[in-house]
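Participant: Please find one structure pasted underneath; my questions will follow.
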Amino acid sequence: MSPFANLINGAWVDGDSVSTNRNPSNPADIIGEYSRASAAQVTQAITAAHAAWPAWAATNPVERGAILDRVGTALAAQAERLGTLLSREEGKTLVEGRAEVMRAAQIFKFFAAETQRLTGEVVASVRPGIEIEITREPVGVIGVITPWNFPMAIPAWKIAPALAYGNCVLFKPADLVPASAWELARLLTEAGIPAGVFNLVMGRGAVVGPTLLADARVNAISFTGSTTTGAGIAAEAAKRFAKLQLEMGGKNPLVVLDDADLDVAVEAALQGSFYSTGQRCTASSRLIVTEGIHDRFVKALAARMQSLVVGDALDPASQIGPVVDQAQLDQDIAYIGIGQAEGARLHCGGLALDRTSGGYFLTPALFTEAHNSMRICQEEIFGPIAAVIRARDYDEALSVANSTAFGLSAGICTTSLKHASHFRRHAQAGMVMVNLSTAGVDFHVPFGGRKGSSFGPREQGRYAAEFYTSVKTSYICP
Ligand code: NAD
């Protein structure tokens with residue numbers, strides 16, 4: 001049996017093939033061979049989850065909470081090992097890898113406690129002698145589909161609330177990062193999750209996805225990934241009215257006004273645009289800068305960019321790790337060419353580094369003289385690439401910020417309360433940041449966007465109950 005098998009109905013089961021998990025800092029370093037589930041195995045997992053659901057839904061919430069709490073404790077205790085593994089398979093730096101595992105631990109702890117906080121409402125009826133009770137019930141079996149860029153945190157913020165509120169789970173991680181998913185499954189089994197309640201089905205989206213989407217016993221789908229894949233999933237889910245939550249791409253603006261604190265603005269841009277190799281849905285890929293500060297901002301940001309250490313994710317000195325794989329590197333380089341062909345100026349960076357390890361290293365790239373209509377300003381690149389767009393004043397900057405098909409996160413750097421307040425109200429985004437990077441969020445408050453970035457209820461915090469529970473209104477005539 002493969003050392004890294006799928007988890008179906010409480011048993012570790014080989015798939016019909018394996019995927020080779022490689023280290024993007026050093027592709028010759030093979031992390032392991034991970035099982036890929038066949039379509040028939042996905043159906044077996046659905047059958048198991050469907051059968052396990054009534055008993056799990058009826059479990060005492062304290063018992064469910066205790067299991068989730070144990071997972072949180074184990075994640076925190078093993079953050080060093082798991083964070084290193086995460087960095088090795090995804091390419092974010094060790095600091096980022098460990099922080100992500102700690103984030104996952106916090107999420108499991110948060111939802112462990114939430115099991116005991118689910119409440120309903122009692123409302124007076126308009127008819128005499130009748131009582132109305134509004135309660136929340138588990139939805140059933142949840143299909144969880146996740147991307148490669150946060151291989152531990154995103155699964156955690158879907159799986160933990162799903163289980164907390166009494167649902168069973170089929171977890172399909174991205175094919176590029178099965179190791180973090182497999183470790184999470186192992187911790188869940190060690191924490192005592194009953195057979196069938198949580199199932200891991202690793203493999204290709206094109207194989208696992210359609211089976212999961214077509215089966216009416218999967219009551220809801222929570223997906224995070226690209227907008228293109230999300231649109232396909234929405235079309236399939238709509239055919240049978242499955243409950244759906246989609247978190248997708250971003251083209252997040254960071255507005256920098258003349259009155260901004262230059263150091264704050266430069267750090268926000270640097271952090272938001274390039275850390276995690278720019279591979280974040282909340283990355284600041286459009287830097288919209290007003291005339292009076294433009295040149296000083298570009299100069300200071302470029303200077304900070306030159307000081308960034310790009311290198312092996314497992315080297316503690318590295319600040320920017322590799323791009324996730326060759327295909328993503330090719331896409332990043334192609335967009336650099338597209339930006340130049342469109343007339344933007346490649347101010348600095350954008351060089352693929354020739355390292356003996358063969359890793360997919362790209363120096364952070366900054367475009368200037370970009371226009372919002374350019375493809376580099378409208379399409380999600382998902383790499384360490386940002387474009388500076390000039391704006392006359394605040395009004396134009398806001399208009400440019402909102403001129404996008406996406407709406408996940410939007411930031412502004414300013415010392416003006418008036419402009420900060422106006423931006424908070426008028427930015428068309430699910431999350432707004434003032435004097436902060438567009439990336440970097442807390443784990444206990446809602447996360448999500450608008451327009452092409454999100455569909456359905458918010459994730460995380462207490463708002464997660466909107467998706468992972470179903471509302472029931474009972475009329476009682478005593
Ligand atoms: P992707 O869309 O290629 O894949 C996401 C997941 O969907 C993977 O598990 C993949 O195997 C699966 N999938 C692919 N085809 C499928 C199908 N036909 N049916 C069912 N599942 C299928 O995305 P990715 O490249 O893994 O991740 C990068 C994308 O994720 C970026 O667009 C990024 O913005 C987005 N993202 C969004 C958020 C957010 O919260 N908004 C967070 C992180 C990443």
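Participant: Within the range 69-80, restricting attention to residues that are within 12 Å of residue 186 (Cβ to Cβ) and more than 19 Å from the chain's Cα centre (by Cα), which residue is surrounded by the fewest Cβ atoms within 10 Å (Cβ to Cβ)?
Facilitator: In this case the residue turns out to be 78.
Participant: Also, quick follow-up: Within the range 85-140, can you find the residues that are touching a residue at least 40 places away in the same chain (Cβ under 8 Å), among the β-branched types (Val, Ile, Thr) and not in a helix (DSSP H, G or I)?
Facilitator: 93, 115, 130, 132, 134, 135, 139
Participant: Evaluate the range 5-17: report whether one residue or more is touching a strand residue (DSSP E or B) at 6+ places or on another chain (Cβ under 6 Å), without any contact (Cβ under 8 Å) to a residue 60 or more places away in the chain and of a type in the set (A, V, I, L, M, F, W, C).
Facilitator: Taking every residue of the range 5-17 in turn, at least one turns out to be touching a strand residue (DSSP E or B) at 6+ places or on another chain (Cβ under 6 Å), without any contact (Cβ under 8 Å) to a residue 60 or more places away in the chain and of a type in the set (A, V, I, L, M, F, W, C).
Every residue, every condition in (1) within 21 Å of residue 443 (Cα to Cα); (2) under 26 Å from the mean Cα position of the chain (by Cα); (3) of a type in the set (A, V, I, L, M, F, W, C), yes or no:
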site: 65; (1), (2), (3): yes, yes, no
site: 85; (1), (2), (3): no, yes, yes
site: 89; (1), (2), (3): no, yes, no
site: 98; (1), (2), (3): yes, yes, no
site: 115; (1), (2), (3): yes, yes, no
site: 122; (1), (2), (3): no, no, yes
site: 126; (1), (2), (3): no, no, yes
site: 130; (1), (2), (3): no, no, yes
site: 134; (1), (2), (3): no, no, yes
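Participant: From the list 332, 325, pick out the single residue that is over 16 Å from residue 389 (Cα atoms), open to solvent by 10 Å² or more (accessible area, probe 1.4 Å), touching a residue at least 12 places away in the same chain (Cβ under 8 Å) and not basic (Lys, Arg).
Facilitator: Going through 332, 325 in turn, the sole match is 325.
Participant: Is it the case that some residue within the range 170-179 is in contact with an Asp or Glu (Cβ under 6 Å, 6 or more places away or on another chain), in a loop (DSSP other than H, G, I, E, B), over 20 Å from residue 447 (Cα atoms) and modelled with pLDDT of 95 or more?
Facilitator: The answer is yes, given that some residue of the range 170-179 is in contact with an Asp or Glu (Cβ under 6 Å, 6 or more places away or on another chain), in a loop (DSSP other than H, G, I, E, B), over 20 Å from residue 447 (Cα atoms) and modelled with pLDDT of 95 or more.
Participant: Can you tell me how many residues within the range 413-435 are farther than 23 Å from residue 297 by Cα and open to solvent by less than 40 Å² (accessible area, probe 1.4 Å)? So that I can check it myself, show each step before the final result.
Facilitator: Start the filter on the range 413-435 by keeping residues that are farther than 23 Å from residue 297 by Cα, which leaves 425-426, 428-431.
Next, only the ones that are open to solvent by less than 40 Å² (accessible area, probe 1.4 Å) stay: 429-431.
The number of residues fulfilling the criteria is 3.
Participant: Whether any residue in the range 214-232 is open to solvent by 60 Å² or more (accessible area, probe 1.4 Å), more than 14 Å from the ligand (Cβ to nearest atom) and in a helix (DSSP H, G or I) is what I want to check.
Facilitator: no
Participant: Would it be correct to say that residue 316 is of a type outside the set (D, E, K, R) and either open to solvent by 20 Å² or more (accessible area, probe 1.4 Å) or over 28 Å from the mean Cα position of the chain (by Cα) (or both)? Spell out the reasoning first.
Facilitator: Details: of a type outside the set (D, E, K, R): yes; either open to solvent by 20 Å² or more (accessible area, probe 1.4 Å) or over 28 Å from the mean Cα position of the chain (by Cα) (or both): yes.
Answer is yes for this residue.
Participant: Residue by residue through the range 171-186, note down the ones that are more than 8 Å from the ligand (Cβ to nearest atom) and touching a residue at least 60 places away in the same chain (Cβ under 8 Å).
Facilitator: 177, 178, 179, 180, 182, 183, 184, 185
Participant: Which residue, of 260, 302, is in contact (Cβ under 8 Å) with a residue 60 or more places away in the chain and either within 16 Å of the ligand (Cβ to nearest atom) or crowded, with 24+ Cβ neighbours inside 10 Å (or both)?
Facilitator: When all the criteria are applied, what remains is 260.
Participant: Can I ask one more? Please find, among 373, 403, the residue that is over 28 Å from residue 327 (Cα atoms) and at pLDDT 95 or above.
Facilitator: 403
Participant: Out of the range 6-26, which residues are open to solvent by 20 Å² or more (accessible area, probe 1.4 Å) and in a strand (DSSP E or B)?
Facilitator: Those that are open to solvent by 20 Å² or more (accessible area, probe 1.4 Å) and in a strand (DSSP E or B): 11, 12, 13, 17, 18, 20, 22, 26.
Participant: Please find, among 160, 164, 153, the residue that is among the small types (Gly, Ala, Ser), within 30 Å of residue 92 (Cα to Cα), away from the ligand (no atom under 16 Å from the Cβ) and open to solvent by less than 10 Å² (accessible area, probe 1.4 Å).
Facilitator: Exactly one of 160, 164, 153 is among the small types (Gly, Ala, Ser), within 30 Å of residue 92 (Cα to Cα), away from the ligand (no atom under 16 Å from the Cβ) and open to solvent by less than 10 Å² (accessible area, probe 1.4 Å), namely 164.
Participant: Which residues, taken from the range 274-293, are within 20 Å of residue 348 (Cβ to Cβ), out of contact with any Pro (no Cβ under 7 Å at 6 or more places or on another chain) and not small (Gly, Ala, Ser)?
Facilitator: Answer for the range 274-293, where residues must be within 20 Å of residue 348 (Cβ to Cβ), out of contact with any Pro (no Cβ under 7 Å at 6 or more places or on another chain) and not small (Gly, Ala, Ser): 275, 279, 287, 289, 293.
Participant: From 124, 66, grab the single residue that is in contact with a strand residue (DSSP E or B) (Cβ under 8 Å, 6 or more places away or on another chain) and open to solvent by 20 Å² or more (accessible area, probe 1.4 Å).
Facilitator: The conditions single out 124.
Participant: Which pairs turn up if I take residues in the range 437-459 that are within 13 Å of residue 405 (Cα to Cα) and open to solvent by 20 Å² or more (accessible area, probe 1.4 Å) and look for partners that are within 10 Å of the ligand (Cβ to nearest atom) and acidic (Asp, Glu) with beta carbon separation below 7 Å, at least 6 apart in sequence or on another chain?
Facilitator: none
Participant: Turning to a different aspect of this structure: Hey, can you tell me all the residues within the range 127-141 that are out of contact with any Asp or Glu (no Cβ under 6 Å at 6 or more places or on another chain), surrounded by fewer than 19 Cβ atoms within 10 Å (Cβ to Cβ) and on the phi < 0 side of the Ramachandran plot? Steps first, please.
Facilitator: To start, the set of residues in the range 127-141 that are out of contact with any Asp or Glu (no Cβ under 6 Å at 6 or more places or on another chain) comprises 127-133, 135-141.
Still in the running and surrounded by fewer than 19 Cβ atoms within 10 Å (Cβ to Cβ): 127-133, 135-137.
Within the range 127-141, 127, 128, 130, 131, 132, 133, 135, 136, 137 qualify.
Participant: Quick one: residue 276 ticks every box in (1) in a loop (DSSP other than H, G, I, E, B); (2) surrounded by 18 or more Cβ atoms within 10 Å (Cβ to Cβ); (3) of a type in the set (Gly, Ala, Ser) except a single one, so which number is it?
Facilitator: (1)
Participant: The conditions are (1) without any contact (Cβ under 8 Å) to a residue 60 or more places away in the chain; (2) outside any strand (DSSP E or B); (3) over 15 Å from residue 277 (Cα atoms); (4) more than 16 Å from the ligand (Cβ to nearest atom), and residue 369 fails exactly one of them. Which is it?
Facilitator: (2)
Participant: Name the single residue, out of those in the range 187-207 being within 7 Å of the ligand (Cβ to nearest atom) and in a helix (DSSP H, G or I), that is farthest from residue 11 (Cα to Cα).
Facilitator: Within the range 187-207, the subset within 7 Å of the ligand (Cβ to nearest atom) is 204-206.
Checking which are in a helix (DSSP H, G or I) leaves us with 205-206.
Details: 205: 22, 206: 24 Å.
My answer is 206.
The values are calculated or read from the model by the stated rules, or taken from the named source; none is laboratory data. From a predicted model like this one, the values you see are computed outputs, not experimental measurements. Cβ atoms come from the backbone with ideal geometry, glycine included; neighbour counts cover every protein chain shown. These area figures cover heavy atoms from the full protein model, side chains too; ligands, DNA and RNA do not enter into them. Shrake-Rupley method; radii C 1.70, N 1.55, O 1.52, S 1.80 Å.
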